[in-house]
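The values are calculated or read from the model by the stated rules, or taken from the named source; none is laboratory data. Predicted model only: the values in this text are computed from it and were never measured. Cβ placement follows ideal geometry from the backbone for every residue including glycine, while neighbour counts extend to all protein chains displayed. The accessibility values were calculated without ligands, DNA or RNA, using every heavy atom of the protein model including side chains. Shrake-Rupley method; radii C 1.70, N 1.55, O 1.52, S 1.80 Å.
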Amino acid sequence: MQRVFVLFPVALGAFEYLTDLPLRTGQFVEAPFGRKKAVGVVWSQKSAKDYPEEKLKKIDSILPEPLLSEQTINFVNWVAGYTL
């Protein structure tokens with residue numbers, strides 16, 4: 001099992017998930033978010049590993065969308081840092 005951070009279109013930051021799927025940073029995925037399923041982007045494949053694995057949810061599927069480029073990810077991170 002691999003731990004990844006997924007960013008959803010909410011102002012709460014990225015959330016850590018478990019997966020057996022072959023994921024890359026920038027891939028769009030569908031995962032449980034609250035009581036619903038939501039579309040998010042794999043934002044990081046690094047993990048703090050301080051959250052118990054048994055409490056993490058699993059990613060449901062990879063969506064057939066093109067990856068976000070590293071340039072786009074860097075821009076979003078810069079905008080988030082600049083505005084916060």
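Before moving on, here are some points about what is shown:
- Selection within the stretch 8-32 - within 13 Å of residue 59 (Cβ to Cβ) and either open to solvent by less than 20 Å² (accessible area, probe 1.4 Å) or modelled with pLDDT of 95 or more (or both): 8, 17, 18, 19, 23, 27, 28, 29, 30, 31, 32
- Selection from the stretch 55-70 of residues that are within 15 Å of residue 24 (Cα to Cα) and loosely packed, with under 10 Cβ neighbours inside 10 Å: 64, 66
- Members of the stretch 33-43 found to be under 17 Å from residue 66 (Cα atoms) and either of a type outside the set (Val, Ile, Thr) or open to solvent by 60 Å² or more (accessible area, probe 1.4 Å) (or both), listed by number: 39, 40, 43
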